[in-house]
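Have a look at the structure below, then the notes.
Any read-out appearing in this document is the output of simple, stated calculations on the displayed coordinates, not a laboratory observation. Computed from a predicted model, the values in this text were never measured in an experiment. A quick note on method: Cβ atoms are made from the backbone with ideal geometry, for glycine too, and the neighbour counts reach across all protein chains shown.
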């Protein structure tokens, strides 16, 4: 309408900051790593690449990554889809609490979850008799713990918006409830199920914290292998090769996930009425209560562990959080680490929300021109990359790239918040975009013809309506950054460590007092992240629909 | 942008009152070199001050596009739009004074009725007392006195359209643009609201362009109809459609 140059200029300005941050802290490290992996001596040498791939250890790890992810995805789907049905297509008292309990595990820090499952499953622990400690089953269980929420929430949201008249028609024609569900409802939910499945597979294939803690060094995924190659074997080229493999795997998954997302049918706001639960639903309600109860077990085990001291029940471990652990295992006290965590996470939250808003703004414009639409498609994929490429790769990339003046930012305090912000960015964008893109442009147009200049119409419509999702996205980003482990463990200096890193250190150093402290610290961290998300859910600010 | 070929930039011409559209052409770009879609092509239109004109046509005839272009929401490929002789092509939508009313209100959900009706005055930074007075006046005019503090989602379709009308009138418009304003309402409501809209416009001597696919709506709201078939070329004015 006004000059096209002006519009392009505005787009460019909005994308400048996110593009710079992503470019310097993500793309450049990525390219460096690719270089290290494919040309370690400075010239193209695919021999090193092939050599690493041929190692039996690498192949075992690759296989384990895919097998674990597949098992966890299928299991999460089987557990989560019935939950989606009962929690989102029926109304009953207590539904809100159940929904909350099912969703909370998703934001728990991975180290905490890993530790909780170890506490449960190790010999001597309450479920030690199952002999699952250190087995792949333990890892799959932990992954399911996390990801049931994705299926419940995504498929639930889609089924909530389904017009139930098709089901009614089937019932009237004589189909039983199960047949109706199988032949009418499930096929309509397939896009949502496929979308959730690809996201869960992605999360599981890039899982780091839980595999590190539960794998015991014997079972690993590509992520943990990258970590070990870097930190133990000091074989950076091998780590780079593995990162490359992972990027390829992840990109394929992201493309698949993107396809299913686009083919999702549009929701119809407000048309569906959710019926009250009847006696027939009692079985499913009992199932939901059972699952919610089981989801509470690992954390309960942690709490119990944190309260059991050598002299019976007590708060000794919590008091010990003000120390640096048995035999000074840490450089700072746990309380200091908590303060660090908060400072870093809040900074990271601000960065990721500002960048995320800018990106979401650009992504939700509907340009007329073909090239405009293509640019937007590109930005969409670019922003999702950090999520897929995984925190470990982000951290490693920054570690090896930004180590020469004038870019020696490793010593700078800003590096950890930026890395965390990159990991949180896709979550923020995915939370804000759906709301912004569902805003009817005619609202703005109507205001324009009433005398509102473009910036004013934008403020009064888009910004006003984005307020709640921005708050929700901020809470999600904060919780995610507080629990972030994969990138932070590479980049945080010991004096400036965060809570998850400190918990991991405590787990790794001998001393029973340390384990108790780790449990206490984990409970603290869990309360913090879960508390933020619970506040968000209850505050009616709206769902942070990050999936 | 206006194509230089057919543009005739008229200077302020005291004899040309009201809206004057000449040779208007609007084009939608498509992907990858496919031929662009011509939404409207070489349209001429005159609306005298106070005159109510209906643009009648089936879907795809480009009538909504024409309305949006007059409002300033679309940029024409060629042709001119003038008001009282002044060329509008450099005038942005928010300065043209042609409020656009949609078939489903498009009211701001997070503001109450008074907040919506008084929006234009709020933007113009009028004092609060004056805004309140004007809002009350306008609500009385559209038959919804006392509705100041109602939330939008509690209003029926007909009530929302009345609020939309009130909000448009608050701007002291030069010309009202209505895009199928009655089509979302049921028959008795349509007749009633249509008669009210017509009466209000007549009382103020306010002109309007009404876009519709329904001949009855056209007859109800306008003095004159222009028929736009698919392809966006205006046919000869159908003078003998008596209203």
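Observations, loosely collected:
- Net length gained if the chain between residue A:493 and residue A:354 were fully extended (0.36 nm per residue, minus Cα distance): 47.4 nm
- Counting only DSSP beta bridges with both residues in the protein assembly as shown, the antiparallel share comes to about 50 percent.
- Between 0 and 90°, nearest 10: helix B:187-204 axis offset from chain B longest Cα axis: 80 degrees
- Among the residues of B:162-171, the average count of other protein chain beta-carbon atoms within 10 Å of the residue beta-carbon is 1.
- The share of Cα pairs per 10 Å bin across the range B:105-172, counted from zero up to the longest distance, runs 24, 62, 14, 0 percent.
- Mean separation of Cα contacts under 8 Å, 6 or more apart, over the residue count of chain B: relative contact order %: 27 percent
- Taking other C-beta atoms within 10 angstrom as a stand-in for reagent exposure, A:339, A:79, A:150 fall in the order A:339, A:79, A:150, fewest first.
- Antiparallel beta bridges, as assigned by DSSP with both residues in chain B, represent about 50 percent of the total such bridges.
- Normalised by residue count, the protein assembly as shown yields a Cα convex hull volume of 215 Å³ per residue.
- In this simple spin-label approximation, residue A:342 and residue A:122 carry label points 7 Å from Cα along the Cα→Cβ vector, and these lie 3.0 nm apart.
- Tensor-based shape of the range A:14-131 (alpha-carbon gyration tensor, a/c under 1.5 rounded, otherwise prolate or oblate): oblate
- FRET efficiency, residue A:297 to residue A:190 (Cβ-Cβ, R0 30 Å, nearest 0.05): 0.40
- Note on B:126, B:63: ascending count of other Cβ atoms within 10 Å places them as B:126, B:63, the fewest first.
- Principal-axis tilt of helix B:157-169 within chain B, Cα atoms, nearest 10 degrees: 70 degrees
- With contacts taken as Cα pairs under 8 Å at a separation of at least 6 residues, the range B:131-215 carries a relative contact order of 29 percent.
- The range A:5-83 shape via C-alpha gyration tensor axes, a/c threshold 1.5: oblate
- Potential extension, residue A:304-residue A:322 segment - 0.36 nm per residue separation minus Cα distance: 4.5 nm
- Virtual spin-label span in nm between residue B:172 and residue B:151, 7 Å along Cα→Cβ: 3.5 nm
- FRET efficiency estimate (nearest 0.05) - Cβ-Cβ, residue A:290 to residue A:12, R0 51 angstrom: 0.40
- Across the range B:62-152, the mean sequence separation of Cα contacts (distance under 8 Å, 6 or more residues apart), normalised by length, yields a relative contact order of 24 percent.
- Taking other C-beta atoms within 10 angstrom as a stand-in for reagent exposure, A:313, A:413 fall in the order A:313, A:413, fewest first.
- Helix B:128-141 axis, angle to chain B major axis (alpha carbon atoms, nearest 10°): 80 degrees
- Here residue A:459 and residue A:233 are evaluated by their C-beta separation; at R0 = 56 Å the FRET efficiency comes out at 0.55.
- Cα-based Rg / Dmax (Å) for the range A:315-400: 20.7, 66
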